[in-house]
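Below: the structure, in structure tokens.
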Amino acid sequence: NAGVTQTPKFQVLKTGQSMTLQCAQDMNHEYMSWYRQDPGMGLRLIHYSVGAGITDQGEVPNGYNVSRSTTEDFPLRLLSAAPSQTSVYFCASSPRTSGRTGELFFGEGSRLTVL
Amino acid sequence: AQTVTQSQPEMSVQEAETVTLSCTYDTSESNYYLFWYKQPPSRQMILVIRQEAYKQQNATENRFSVNFQKAAKSFSLKISDSQLGDTAMYFCAFFVYNTDKLIFGTGTRLQVFP
């Protein structure tokens with residue numbers, strides 16, 4: 001069972017470079033989201049999607065773009081990386097219509113360093 | 001706005017002992033869910049336990065139990081018979097029914113010593 005798959009696991013960028021963090025899930029979950037984890041700040045919601053073609057901003061959306069063209073995929077794009085975006089990024093999904101309890105299924109995380 | 005507060009950045013406990021991690025939250029909503037997630041050194045986020053706000057009975061999962069005090073907006077996690085594998089970061093999280101956002105606390109790092 002693949003679950004939620006994130007790639008790459010590790011990435012080093014230079015300031016100003018762009019990149020995309022990939023997220024795919026094979027559980028047919030309607031809801032997908034991206035969080036960033038920073039020391040002392042817990043996990044903060046960047047963007048989320050409740051279905052294909054629908055996205056919305058979370059708590060810290062600036063500097064990030066998302067799209068949801070399919071149910072399975074939810075990529076996170078950094079258009080011009082900044083050192084403040086150095087973090088660990090988590091993709092998470094849930095079967096939104098199944099009770100909507102908020103329980104999330106997480107990927108293994110992607111560590112991004114911006115120099 | 002919904003907020004989750006974990007006031008203990010770090011805690012330690014000896015193997016086989018009991019430890020309690022604290023969490024408080026703030027909301028004006030009445031229908032919500034509370035969670036404890038565990039993040040071991042592997043970085044994987046693992047659901048430990050879930051509590052529905054409408055249930056008065058405290059949730060339990062084997063050695064893990066919660067003390068849910070709705071009026072006080074408190075949701076503590078008790079780990080009994082602590083094991084070395086319990087060493088991890090623990091996050092309290094809060095979800096309001098019919099919203100699309102799971103709000104996390106800042107985490108408590110738990111170290112279990114032999």
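The values are calculated or read from the model by the stated rules, or taken from the named source; none is laboratory data. As the structure is a computational prediction, the values presented were derived from the model and not from experiment. Cβ: placed from backbone, ideal geometry, glycine included. Neighbour counts: every protein chain shown. Quick note on the areas: whole protein, heavy atoms, side chains included, nothing else; ligands and nucleic acids left out. Shrake-Rupley method; radii C 1.70, N 1.55, O 1.52, S 1.80 Å.
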Checklist entry - Can you pull out the strands (runs of 3 or more DSSP E) entirely within segment A:75-115 that have at least 3 residues that are modelled with pLDDT of 95 or more and more than 12 Å from chain B (Cβ to nearest Cβ)? => result A:76-78, A:110-114
Checklist outcome for this item: Among the residues of segment A:18-35, the number that are part of a strand (DSSP E or B) and within 11 Å of chain B (Cβ to nearest Cβ) is 4
Item to check | Whichever residue in segment A:54-85 is more than 17 Å from A:S18 (Cβ to Cβ) and of a type in the set (G, A, S) and, among such residues, is surrounded by the most Cβ atoms within 10 Å (Cβ to Cβ) | outcome: A:G58
Checklist entry - Restricting attention to segment A:8-18, does a residue exist that is surrounded by 15 or more Cβ atoms within 10 Å (Cβ to Cβ) and under 12 Å from the mean Cα position of the chain (by Cα)? => result no
Next on the checklist: Let me confirm something: among B:D86, B:D81, which residue is of a type in the set (D, E, K, R), at pLDDT 95 or above and at positive phi?
Outcome noted: B:D81
Checklist entry - Within the bounds of segment A:47-66, is there any residue that is touching a residue at least 40 places away in the same chain (Cβ under 8 Å) and under 14 Å from the mean Cα position of the chain (by Cα)? => result yes
Checklist entry - Which of (1) outside any loop (DSSP other than H, G, I, E, B); (2) in contact (Cβ under 8 Å) with a residue 24 or more places away in the chain does A:T15 not meet, given it meets every other one? => result (1)
Checklist entry - When both residues are 6+ apart or on different chains and their Cβ atoms are under 6 Å apart, which pairs have a first residue that lies in segment B:4-20 and is surrounded by 16 or more Cβ atoms within 10 Å (Cβ to Cβ), and a second that is among the aromatic types (F, W, Y)? => result B:V4/B:Y25; B:V4/B:F94
Checklist entry - Is one or more of the residues making up segment B:51-69 open to solvent by less than 20 Å² (accessible area, probe 1.4 Å) and under 26 Å from A:S87 (Cβ atoms)? => result no
Item to check | B:N67 vs. criteria farther than 25 Å from A:I46 by Cα, more than 10 Å from chain A (Cβ to nearest Cβ) and either among the hydrophobic types (A, V, I, L, M, F, W, C) or part of a strand (DSSP E or B) (or both) | outcome: yes
Checklist entry - How many of the residues in segment B:86-114 are over 15 Å from B:M11 (Cα atoms) and either in contact with a His (Cβ under 9 Å, 6 or more places away or on another chain) or surrounded by fewer than 17 Cβ atoms within 10 Å (Cβ to Cβ) (or both)? => result 4
